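Computed from the coordinates by the stated procedures, all read-outs in this text should not be read as laboratory data. All figures in this text were calculated on a predicted structure; none of them were measured in a lab. All Cβ positions, glycine included, derive from the backbone under ideal geometry; neighbour counts span all protein chains shown.
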């Protein structure tokens, strides 16, 4: 609106304050810092604006790490793809592998989700066994042309290759999970079917009729269909038939837990056959099964998330425990028919409890009394599958924030 002179006179008093405010605003905007072509303010002048200080602040962030967006990346470290692996808030620029480290330990030092390690691992193809990592190796965090994080050997010449970890120690190379924790599960039978129990050889007695046998003792075994198969000195595993394994979803009997008790070598065939035990992890008793010592198990595996949707439950904790924590073995009611493979990582979700709504006066929506709200399940841990069967799998708890129990939910992480 344009004011006439007479209107300006009438509004002189009321507009005085407005004029002062406008003048102050213009001064603040125009005098907040040096303009293009001007010299910096002399000492004692008013502080410069945040906009003027931005270049210095940006230069100071060249040592920050990409976390999950471009806003935290510096010029030296491009932003990672929004859908890619997310680094921990302060990942190391260099990591020296130590004796006793596992691939999971190392991945956890760099990644929020360790099962995404294959997405950032790059190796030098000129190094012997480049897919193996040894104590003393130095791993360096770098960034690709697209901004994605990469972990490489400091020697350079990085080329993408999936990391593969053997299921047994190899000249000190690190493994995905502690080998000694699951050694008896990687090459020993841990699930038995009813037909296998019925048709397998079994221990009938020990020499001198000992109640239990261990390493150094002689045992005798019979086979339902004749002599034991194998030459003299053939290895056999001794397995105790444990508890039933039932699917909590439909109550189907899906097998029996087989507890490895030791190993024996064949001394003499016949009915019964004579064997000498040379290894034991627990006592062997009459009736325990005598099974071949070689099994078809994976030689290596890659920690990764399943490509298919998985939704199951914990059906057992190995060794008869009621609660499970880190590095304990769980059995779940999902197996190879559900797309699971060794190396797959799943989340373990604690079953939410039922509580009473404080405003419901203890009356549920169904009309009954007592707790009337089911709290949601929440993630209590992470575990990695290391052995699968048709309908069940064994896995090792890698992380847990609370003790895990049977019937807890397992699904994609």
Estimated D of region 175-322 in µm² per second, where Rh is the Kirkwood radius over Cα pairs and Stokes-Einstein applies at 10 °C, 1.306 mPa s: 94
Average Cα contact separation per residue, region 182-243, under 8 Å, 6 or more apart, as relative contact order %: 31
By average C-beta atoms within 10 angstrom, highest first, the peptides 397-408, 88-99, 191-202: 397-408, 191-202, 88-99
Distribution of pairwise C-alpha distances over region 212-282, 10 Å bins, in %: 20, 39, 25, 13, 3
Approximate spin-label separation residue 234-residue 326, in nm, with each point projected 7 Å along Cα-to-Cβ: 4.4
Size descriptor, Kirkwood hydrodynamic radius, that averages inverse alpha-carbon separations across region 305-411, Å: 14.7
Relative contact order (%) - region 252-292, alpha-carbon pairs under 8 angstrom, separation at least six: 35
Relative contact order %, region 188-292, counting alpha carbon pairs below 8 Å whose residues are six or more apart: 38
